[in-house]
Structures are given as structure tokens and as C-alpha cells.
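Below is one structure, written out as C-alpha cells, with a few remarks after it.
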């Protein structure tokens, strides 16, 4: 290793030899022409050999310079490739997941710590939007889409299915003993869900019920219910943690199926890449470990909390 010349001088020499100009080499390396001349001189002194010669106003390599630059250029290329490979191995792999804000807030974020802990080599970026993103155009690796399915041209897999049932704060649930008691309460609307199916299942017409605000974001509707602003027709999958904590209560046994599910989607073939596969497998494990809760029999006069395993 003692035979190695100054590495800084080698880089300057290669640039000057490629351009056959100290001025252009200086511009490329963002240094002065004098600095280039100095580094070339340092290298020539270390080698005890002239590498450049002047022919009129033109700069030319000597025969020694012509031979030496080929070796230097190959060595710098190998160092660059090895450095890039090492950086790829040591830096976190980046992965972008797109989903609805409500899914990120209510389902993903409470569980995300486990993914970060078990996959420290993956830097996960969460992209939230109400719009359906174009995965290829927007540089999104994968997404959780909420809908009926039929996403042509994509790899798709159902992650979570849902059912709908009324949910409210414990204080409101305490005064609800039968569906007819909804007549004295404010029904909040979650965009994309309709009270009519559940009311029909419960044997109610719903013509005289008081309907309140409508929310585009399901998590906002759930928070309004937690704050006692009314009753929502809640999603059992998204509300699971709040139901388990007791901040939300499902006072009635009746529930209806929902034709929309949470789907994992990505471009075809991307599901087999290591980063996407790691996230996909983790999401499936989380979904299996936290299924939508079943609603058990309700004792008359007692607010019904959804039971959990």
C-alpha cells in the first residue's frame, strides 16, 4: 500500500486526461485550474514521471500517461462500483405504500411499530390520499385500496373484509336498549355507507330519524362518535381497536355486510420483490391476527361491547 500515489491526485489526473484540458477538468471537479495543475504535479513527482506534455496550445498525454490512465480509470471504476454496492447493502431499502387516511390512522399506524421493528432494513413511506393513485406514474410500490375489487392490470389480494353496525360513545350507548331508540339520536354519515340497509335489517323505516353531518374520512366520523356527537354506521375492521378500548360501543346485535373491502394491490410482478413481499406478508399476518370482531348476544339494557378473542 505504500506504493500508492495520493488518491486525490489520481481522480484529478483521470479527469484531466479525459478532457485533455486542465480548465475543463477544473470545471468538472469544481476546483480551480491551479488546483488541477498542483495535483498533477504532485502525482508526477510521486511517480517520477511526466504524464502530460504541451504541443503548442494543446495538452497531450505522454506514453507513460497513456498507459497509466487506462489503469487508473479501471481502478476508479471498480472503486465506484464497490462503493455503490456497499451503500445499497447498508442503506435502508425504500418502499412506498399508498392508502386512505382513515386506514392509515385507524388500522395501520397502531400496528406499524411491529413492521419497523421486524424490518429495520426497509424504510417505509406512507402516502395517504383520497384519490386513486397511478402506481407506475406516481412511483408508488403498492397500495391498500378500499372498494369492491376489479382492479384490472394489477396484482390484487383481499386484506380485510368489513361489516357495518351502529357505533357510539359509551354515554350514548347507555340510553340505547333497542333500535327504535335511535329516533331520539343524531345519525352521522360516513361517506360511501348508507344507513338504509342496516335500518331495514333492524326492522325500521328510518323516515323520522335525525341525520347529522357527513364525513369524507371514516376516522373523522369515528372521532365524532367517540366525542359524543352522534352515532355512526361504523366499519368493524377500522373500529376494532376503539371498540376493544371501550371508546366506541356497538349497542346492537344487527350488522350488515359491506360490499367494499381493503385490497392489497401492486403492479404485476412487484409482489415478488423482497421489499413488497415483506410488507405484503406482514400485512396478511396482521389481518389474520386482528380479524373483524363478531358481535355476540346482547343483554337487555346493557351497552354491547364487541367481544374479542
Exercise. Specify which labelled value, from (1) 1.12; (2) 1.02; (3) 1.33, agrees with Rg/Rh (Cα atoms, Kirkwood Rh) derived from the coordinates of the model shown.
Key: (3)
Quiz item: Going by alpha carbons, how many degrees (0 to 90, nearest 10) lie between the helix axis of 7-19 and the longest principal axis of the chain?
Solution: 80 degrees
Quiz item: Can you sort 40, 132, 71 so the residue with the fewest Cβ neighbours within 10 Å comes first?
Solution: 71, 132, 40
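Going by how many other Cβ atoms sit within 10 Å of their own, how do 94, 24 line up, fewest first?
With the sparsest Cβ surroundings first, the list reads 94, 24.
Shape call for region 163-257 from the C-alpha gyration tensor, a ≥ b ≥ c root eigenvalues: rounded (a/c under 1.5), prolate (a/b greater than b/c) or oblate?
Rounded, since a/c falls under 1.5.
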Exercise. Could you list the square roots of 5 times each eigenvalue of the Cα gyration tensor of region 121-183, that is, the equivalent ellipsoid semi-axes, sorted largest first and rounded to whole Å?
Key: 38, 16, 11
Quiz item: Given the C-alpha centroids of region 146-178 and region 206-234, what is the distance between them in whole angstrom?
Solution: 14 Å
Quiz item: Taking the Cα centre of each part, how many Å lie between region 66-145 and region 1-21?
Solution: 34 Å
Quiz item: If you average the sequence gap of Cα pairs under 8 Å that are 6 or more apart and divide by the length of region 7-90, what percent do you get for the contact order?
Solution: 26 percent
Quiz item: Could you put 45, 14 in order, starting from the residue whose Cβ has the fewest other Cβ atoms within 10 Å?
Solution: 45, 14
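All of the numbers you see were taken from the coordinates with simple rules; none came from a lab. Quick caveat: nothing in here was measured; it's all calculated off a predicted structure. With ideal geometry, Cβ positions are generated from the backbone for all residues, glycine too; neighbour counts draw on all protein chains shown.
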